[in-house]
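What follows is a set of notes on a single structure, which appears directly below.
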Amino acid sequence: MSWSARALCALYVVTSAGLAWTAVLEFGHGPAWVGCLFSAASLVPLIAVVRETERPGTGATTTPAAPDATEALVRAELGAACCERWWTSLGTSHDATCRHPTHRSSAA
Ligand SMILES: [Zn+2]
């Protein structure tokens, strides 16, 4: 977890503690529904802490998503495509430096 993620988690915990303290004060001196509202609100930053620690790239252990069939198909099509001229000529000709030297243009 990076220092910014740790700082963000600390901010979430402080915010949650402030909301929980406000809930305690409201249960003691204010309307009960406000105390319930602040109690529920104090849980939201804790959910954010959990999500922050589970986010990929923060050092948490996550498994990469398995490529699905669509992604595999796109990768196969992109792997079969070779050069820019092949794209722009709708697959009828290739660049001179193309690794697939089968030029089938009408000028040949
Ligand atoms: Zn090509």
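Please treat every number below as a calculation from the coordinates, not as lab data. Just so it is clear, the structure is predicted and the values come from calculations on it, not from any experiment. All Cβ positions, even for glycine, are placed from backbone atoms using ideal geometry, and neighbour counts span all protein chains on display.
Spelling out what I want: for every residue of the range 8-19, take phi, set θ = phi - 60°, compute 6.51 cos²θ - 1.76 cosθ + 1.60 (Karplus), and round to whole Hz; glycine and proline get x.
Karplus values, whole Hz, x for Gly and Pro: 5, 5, 5, 5, 4, 5, 5, 4, 5, 5, x, 5.
What does the extension gain come out to for V50 and T88, with contour length at 0.36 nm per residue minus their alpha carbon separation?
Details: separation 38, 0.36 × 38 = 13.68 nm, distance 4.81 nm.
Gain in length upon complete extension: 8.9 nm.
Points 7 angstrom from Cα along the Cβ direction at T97 and S2: gap in nanometres?
The two pseudo-label positions are separated by 3.5 nm.
Measure off 7 Å from each Cα along the Cα-to-Cβ vector at H29 and L73, then give the distance between these two points in nanometres to one decimal.
In this crude spin-label approximation the distance works out to 6.5 nm.
Counting alpha carbon pairs within less than 8 Å and at least 6 residues apart, what relative contact order, in whole percent, applies to the range 3-54? Please report the intermediate quantities before stating the final value.
On the way: 44 pairs, mean separation 22.8, N = 52.
Computed value for the range 3-54: 44 percent relative contact order.
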